[in-house]
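Throughout, read-outs are computed from the coordinates displayed, never taken from laboratory work. No experiment lies behind these values; they were computed from the predicted model shown. Positions of Cβ are generated from backbone atoms using ideal geometry, with glycine treated the same way; all protein chains shown enter the neighbour counts.
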Amino acid sequence: MSAAEQSAAGVRGGAHDEPAFGVYIHWPFCLSKCPYCDFNSHVRREPIDETRWVRAFGDEIATTAARVGARAVSTIFFGGGTPSLMRPQTVGSVLETIARHWPIAADAEITLEANPTSVEAERFRGYRAAGINRVSLGVQALEDSALVALGRTHSAREALDAVAVARAVFDRYSFDLIYARPEQTPEQWSRELRSALPQAGEHVSLYQLTIEPETPFAALYAAGRLHPPDEDIARILYDVTQEICAAHGLPAYEISNHARPGRECRHNLIYWRAHEYAGIGPGAHGRLDIAGDRHATATEKRPESWLARVEKHGHGLVTDDVLTVAEAADEFLLMGLRLAEGIEAARYAQIAGRPLEPDRIAMLRQHGLIETTPAGRMRVTLSGFPVLDSVVADLAA
Ligand SMILES: C[S@@+](CC[C@H](N)C(=O)[O-])C[C@H]1O[C@@H](n2cnc3c(N)ncnc32)[C@H](O)[C@@H]1O
Ligand code: SF4
């Protein structure tokens, strides 16, 4: 089967409904704060006491394991922040703790997000020895002037060198680029993307710049000093991205994620396929199925407050909501329709307790916004992706 056929058949990345359990670990520190970023990341003057953090991660893992019970871990993801600031021994200790509480599958995907600086690339072998088997690098741009504008501390050369180290050390690696940047034209982006893809392995994440509220970019934008492309140009940029990546054998399997068939990020697929994951560390979110209920969990965001809570209670949970049937069904749609493989109507009916409304499906199909895959799944069309939120709103419970 060709890549396109596999994609259309919706068989990529393993069986959709096979139960999978992921563990997300959040490292909330960065050396500097990028002006576009609203992730839960913080800059600290004082050195971080990693021994204390290992203990706290361990306590929260133990408490979570006692709650959810027996599971086999299919994926682990160290995200941030900048997890590549953690010492390899710290990463190794966290992995050992996870393995003490749940068996880790022999083929588990274990990813660490890294900033592409030379200092961090030097730690890659240590991470591999600690058990990491996949890295995801935040390259962001391959033009030095754009990297400066994004507040990045690395040059394009340094980032490409870090990608080369990742390629030499790990079987699996990915990198992120941000496009639809201020003043960026489709011609400039096409050139940049074409020069980036030969450096790609099996996976790339290509994000359109979002102006996040309360970031320095939001203030500049409000003051009329930042000019991201308008909607029409953004649409052209999106289409150009799909074309170039597909031609390179890296079709989109999710709105912003591209992979060679079968090489998708299995951890992120757990989110999009609405499987189960534990969120460990400050500001981490989880979805846990306990005694027939789907729990949406979130922990305290501020690093020091999270530490204090864990040291007192054994966990940093500040939210633990049981989703209603309608909430779980809407979330299933919202996440699943991001994927090229789409969703299975029967699984929706199982979660929602009722099928999708045939007349709404017919209306969206008529507008060319959804279609049926050869495998009989329902997915959003390429022209539907830019208006995904309204497609989901039309279908939702
Ligand atoms: C948790 S971040 C970080 C990884 C790592 N700290 C780094 O910066 O290299 C994950 C990715 O989200 C993307 N990102 C963050 N803020 C964004 C924004 N406002 N718009 C688009 N993409 C964004 C970046 O590509 C980034 O690499
Ligand atoms: S983009 Fe990465 S390095 Fe920059 S502030 Fe966000 S998490 Fe930190």
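Which one of these is touching a residue at least 24 places away in the same chain (Cβ under 8 Å) and either charged (D, E, K, R) or out of contact with any Cys (no Cβ under 7 Å at 6 or more places or on another chain) (or both): L317, L307?
The unique qualifying residue is L307.
Against the condition surrounded by 20 or more Cβ atoms within 10 Å (Cβ to Cβ) and on the phi > 0 side of the Ramachandran plot, how does G281 come out, does it pass?
Against the criterion (surrounded by 20 or more Cβ atoms within 10 Å (Cβ to Cβ) and on the phi > 0 side of the Ramachandran plot), G281 qualifies.
How many residues does the stretch 100-124 hold that are β-branched (V, I, T) and within 20 Å of E202 (Cβ to Cβ)?
Count: 2.
Would you pick out the residues in the stretch 109-140 that are among the polar types (S, T, N, Q) and surrounded by 24 or more Cβ atoms within 10 Å (Cβ to Cβ)?
T111, N115, S136, Q140
Within the stretch 12-22, track down each residue that is on the phi < 0 side of the Ramachandran plot and either within 10 Å of ligand 1 (Cβ to nearest atom) or assigned to a loop (DSSP other than H, G, I, E, B) (or both).
Passing the criteria: R12, A15, H16, D17, E18, P19, A20.
Only one of G126, G131, G138 is among the small types (G, A, S) and over 25 Å from R260 (Cα atoms). Can you tell me which?
Within the list G126, G131, G138, the selection yields G126.
Any residue in the stretch 23-41 that is under 30 Å from Y207 (Cα atoms), away from ligand 1 (no atom under 11 Å from the Cβ), in contact (Cβ under 8 Å) with a residue 24 or more places away in the chain and charged (D, E, K, R)? Working first, answer last.
Step one: list which residues in the stretch 23-41 are under 30 Å from Y207 (Cα atoms), which gives 23-41.
Filter once more, keeping what is away from ligand 1 (no atom under 11 Å from the Cβ): 23-25.
From what's left, in contact (Cβ under 8 Å) with a residue 24 or more places away in the chain: 23-25.
Imposing the further condition that a residue be charged (D, E, K, R) reduces the set to none.
No, because not a single residue in the stretch 23-41 is under 30 Å from Y207 (Cα atoms), away from ligand 1 (no atom under 11 Å from the Cβ), in contact (Cβ under 8 Å) with a residue 24 or more places away in the chain and charged (D, E, K, R).
Cβ contacts < 6 Å: first residue under 10 Å from L142 (Cβ atoms), restricted to the stretch 156-167; second residue surrounded by fewer than 16 Cβ atoms within 10 Å (Cβ to Cβ) and not hydroxyl-bearing (S, T, Y), any location; separation 6+ or different chain. Result?
Pairs that qualify, where the first residue is under 10 Å from L142 (Cβ atoms) and the partner is surrounded by fewer than 16 Cβ atoms within 10 Å (Cβ to Cβ) and not hydroxyl-bearing (S, T, Y), are A156/D144.
Identify, please: which residue in the stretch 316-342 is more than 19 Å from the chain's Cα centre (by Cα) and aliphatic (A, V, I, L, M) and is, among those, farthest from P261 (Cα to Cα)?
V318
Residue by residue, here is whether (1) farther than 30 Å from V94 by Cβ; (2) part of a helix (DSSP H, G or I); (3) not aliphatic (A, V, I, L, M) holds:
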| site | (1), (2), (3) |
| --- | --- |
| A108 | no, no, no |
| L137 | no, no, no |
| T153 | no, no, yes |
| R157 | yes, yes, yes |
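How many residues are assigned to a strand (DSSP E or B) and within 15 Å of ligand 1 (Cβ to nearest atom) if we restrict to the stretch 42-85?
Going through the stretch 42-85 one residue at a time, the tally reaches 5.
Which pairs have Cβ atoms under 7 Å, sit 6 or more apart or on different chains, and link a residue in the stretch 175-190 that is farther than 26 Å from A121 by Cα to one that is in a strand (DSSP E or B)?
Listed by first residue and then by second, the contacts come to A180/Q208; W189/Y179.
Can you tell me which residue within the stretch 195-213, out of those that are within 10 Å of ligand 1 (Cβ to nearest atom) and closer than 14 Å to A246 by Cα, is surrounded by the fewest Cβ atoms within 10 Å (Cβ to Cβ)?
At the first step, the residues of the stretch 195-213 found to be within 10 Å of ligand 1 (Cβ to nearest atom) are 205-212.
From what is left, the residues that are closer than 14 Å to A246 by Cα are 205-206.
Values: S205: 20, L206: 25.
Looking at the filtered set, the residue picked out is S205.
Considering F217, F175, which residue is within 16 Å of ligand 2 (Cβ to nearest atom), of a type in the set (F, W, Y), part of a helix (DSSP H, G or I) and buried (at least 19 other Cβ atoms within 10 Å of the Cβ)?
Only one candidate qualifies: F217.
Given the conditions (1) in contact (Cβ under 8 Å) with a residue 60 or more places away in the chain; (2) within 16 Å of ligand 2 (Cβ to nearest atom); (3) of a type outside the set (A, V, I, L, M, F, W, C), which single one is not true for G80?
(1)
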